[in-house]
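Some notes on the structure that comes next.
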Amino acid sequence: MKLTLNSTSLRRRSRFTVSILIVVFYTILFLIIRKYFSAEQTMAQREAELQMRIQNVESIYQAKPEDLKNLPPNLGVPSQNGHMTNILDGLSANSRSLIQNVSTSSAQLPVDLKFPTVYHFLPHLLDDPTSFRPAYLQSKNRQGVSIVLGIPTVRRDKQSYLLETLDNLIGNMDDQEQNETMIVIFIGESDIEYVTQVATGICAKFSTFVDSGFIEIIAPAASYYPDMTRLRQTLDDSVDRVRWRSKQNLDFAYLMAYTQPKGSFYVQLEDDIITRKGFISIMKNFASNKSAEEEHSQWCVLDFCQLGFIGKMFKSGELPWLITYFQMFFNEQPVDWLLYHWIDTKVCNIGKDPKICKQDISKVWIHYEPSLFQHIGTISSLKGKEQRLKDEKFGEIFDFYPHNNPPAVVETGIQHHEFYTIQRAYKGESFFWGLRPQQEDLVEFDFINPIELQRYLFRSGSFEQPFDRFYNTTVEMLPHNLAEDSSVWSNYETTTDGFLIVGAFNEFGIAEGVVDAKIGKLKKLRLHVHSDSENWVILREILLQYDSL
């Protein structure tokens, strides 16, 4: 009996051990397979992106033989001794042979056919040989990035959202995303004084990004545009609307042509949008995945926003077709309609069932959800028009940024609107929304215990109410026990009641800074308004970074 129990126990242990070994084996096998497929997927994505780069290079250089055809057989230049030297002599034998074969075969033809060029669609460009030369260009000649973001901007009647848009885009990229991205801003105005003013503002606020080549700025020559008073009236639109949409088509074509050599993918944006954190990685991964899929490898547009022309991604190598399409029909229809017709022409035909056609279009015009971009502007670039469209698939726009701030009694003489109090804003529960600040109004932070403040950030205004911000307002600090003979006092302006004036709100409604450690612990911090405001004020971020030890 005892032996039987031992034998049974042994068999059970053996089965248990075998089961464990099987589980371990399949677990290891699963991990190996998953790693293999993960590596395979990564390789497929990289291969797809490399294919996009190759396609773009081919697109750029495929017209070069046409230039070679126009070369004379002997390219003579005068040498130092006065004799003519053929510059082809300095090339390799293969290169000389290629050029001579092309030019010779061209010379043997009795007639060279002349196909339409941009000058057939835009004949006014012949009036000025510098039509395609930018009137303004800020560039470090950066190329070879993965994604180029194109942002056209024009003068608006009441307000500009451009700087806020740039700040939001940059703030939602990490260092790696910035390394593989660049932003090209197209200022679509002929007034060079205005162009320079806008460019100077961009360079002042984003100097580091301009100096690195991450941001480029370009504006066209005035002669690039036709006489807008002589456009045909189409679609029963008003004169102003025809001019507006025709110019927009030409602006987009110019911007696309400039950016094509710079990256593998091109994304069209607008100057009054916000985006999501990590949007560059999301777009790049989505593009690589779709390019690697057999069903969607021939995609034409990846759509990251449901509105108009916002967030539309293209393969840079295919931009020449779109550019030409815009040039051909710039006077006919709005740019987003032309995009649809371009895709429809590529995919559908007259006899195809509309339902099947729609299905086929969805294979090359692919939508990503949730949307990555949201339109925030209300003042349209078309004079007199308000544009309040929102992408419902973007989700909620956060009106405030919560932080864990040090314990303090927070008070202000600015009357709050509804329940948007300064106390709730300080706790990170909401934002502060107050009626028009008046001269000598204060927002005071009286710390429960003196603190060593390391950094401060106050962000006023909002995407919906960009002008509800602090103007002519300083940031002031009251030291806890700073010696009267300390050299710190001479480094700052001081108020009559002993506060150090350490900063102020800038033209974008932001006040931020690093606190000098020599100041030591603080009793109070306050915002001090020095003039009456015509606007209400929103304070949507309060960050007081301190040493809690």
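The values are calculated or read from the model by the stated rules, or taken from the named source; none is laboratory data. Bear in mind that the values here come from a model prediction, so they are computed numbers and not experimental data. Don't worry about glycine lacking a Cβ; one is built from the backbone with ideal geometry, like all the others, and counts go over all protein chains shown. For accessibility, only protein heavy atoms count, side chains too; no ligands or nucleic acids. Shrake-Rupley method; radii C 1.70, N 1.55, O 1.52, S 1.80 Å.
Among the residues of the stretch 207-225, some residue qualifies, meaning at least one is assigned to a helix (DSSP H, G or I), modelled with pLDDT of 95 or more and in contact with a strand residue (DSSP E or B) (Cβ under 7 Å, 6 or more places away or on another chain). For the stretch 475-486, does any single residue satisfy the condition of being among the polar types (S, T, N, Q) and either on the phi > 0 side of the Ramachandran plot or touching a helix residue (DSSP H, G or I) at 6+ places or on another chain (Cβ under 8 Å) (or both)? Yes - at least one qualifying residue is present in the stretch 475-486.
Taking the stretch 388-416, which residues are modelled with pLDDT of 95 or more and either open to solvent by less than 50 Å² (accessible area, probe 1.4 Å) or in contact with a helix residue (DSSP H, G or I) (Cβ under 6 Å, 6 or more places away or on another chain) (or both)? Across the stretch 388-416, the qualifying residues are Asn405, Pro406, Ala408, Val410, Thr412, Ile414. Each residue in the stretch 331-359 was checked for being part of a loop (DSSP other than H, G, I, E, B) and out of contact with any Gly (no Cβ under 9 Å at 6 or more places or on another chain), and 9 pass.
Take the conditions farther than 16 Å from Asn535 by Cβ, modelled with pLDDT under 95, acidic (Asp, Glu) and surrounded by fewer than 20 Cβ atoms within 10 Å (Cβ to Cβ) and apply them to Asp446. Does it pass?
Answer is no for this residue.
Kindly provide the set of residues from the stretch 458-477 that are of a type outside the set (Phe, Trp, Tyr), surrounded by fewer than 21 Cβ atoms within 10 Å (Cβ to Cβ) and at pLDDT 95 or above, ordered by number. Within the stretch 458-477, Asn472, Thr474 meet the criteria. Does Ser212 satisfy being of a type in the set (Gly, Ala, Ser), open to solvent by less than 20 Å² (accessible area, probe 1.4 Å) and over 18 Å from Pro134 (Cα atoms)? Criteria not met by Ser212. Kindly indicate whether any position in the stretch 514-522 is touching a residue at least 60 places away in the same chain (Cβ under 8 Å), open to solvent by less than 50 Å² (accessible area, probe 1.4 Å) and not hydrophobic (A, V, I, L, M, F, W, C). So far as the stretch 514-522 goes, yes, one or more of its residues are touching a residue at least 60 places away in the same chain (Cβ under 8 Å), open to solvent by less than 50 Å² (accessible area, probe 1.4 Å) and not hydrophobic (A, V, I, L, M, F, W, C). Hey, can you tell me all the residues within the stretch 144-161 that are of a type in the set (A, V, I, L, M, F, W, C), within 17 Å of Gly201 (Cβ to Cβ) and buried (at least 22 other Cβ atoms within 10 Å of the Cβ)? Once the filter is applied, which keeps residues that are of a type in the set (A, V, I, L, M, F, W, C), within 17 Å of Gly201 (Cβ to Cβ) and buried (at least 22 other Cβ atoms within 10 Å of the Cβ), the stretch 144-161 yields only Ile151.
If His480 meets every condition in (1) open to solvent by less than 20 Å² (accessible area, probe 1.4 Å); (2) touching a Pro at 6+ places or on another chain (Cβ under 9 Å) apart from one, which number is that one? Result: His480 passes all but (1).
Of the candidates Ile185, Ile202, the single residue that is of a type in the set (A, V, I, L, M), outside any helix (DSSP H, G or I) and open to solvent by less than 10 Å² (accessible area, probe 1.4 Å) is Ile185.
Looking only at the stretch 281-291, decide whether some residue is within 27 Å of Leu162 (Cα to Cα), outside any strand (DSSP E or B) and open to solvent by less than 30 Å² (accessible area, probe 1.4 Å). Yes: the stretch 281-291 contains one or more residues that are within 27 Å of Leu162 (Cα to Cα), outside any strand (DSSP E or B) and open to solvent by less than 30 Å² (accessible area, probe 1.4 Å). Just one of the listed residues (Asp497, Asp441, Asp532) is in contact with a Pro (Cβ under 9 Å, 6 or more places away or on another chain) and of a type in the set (D, E, K, R), and it is Asp532.
Just to verify a result, which residue in the stretch 246-274, among those that are open to solvent by 10 Å² or more (accessible area, probe 1.4 Å) and farther than 18 Å from Leu137 by Cα, is nearest to the chain's Cα centre (by Cα)? Out of the qualifying residues, it is Glu270.
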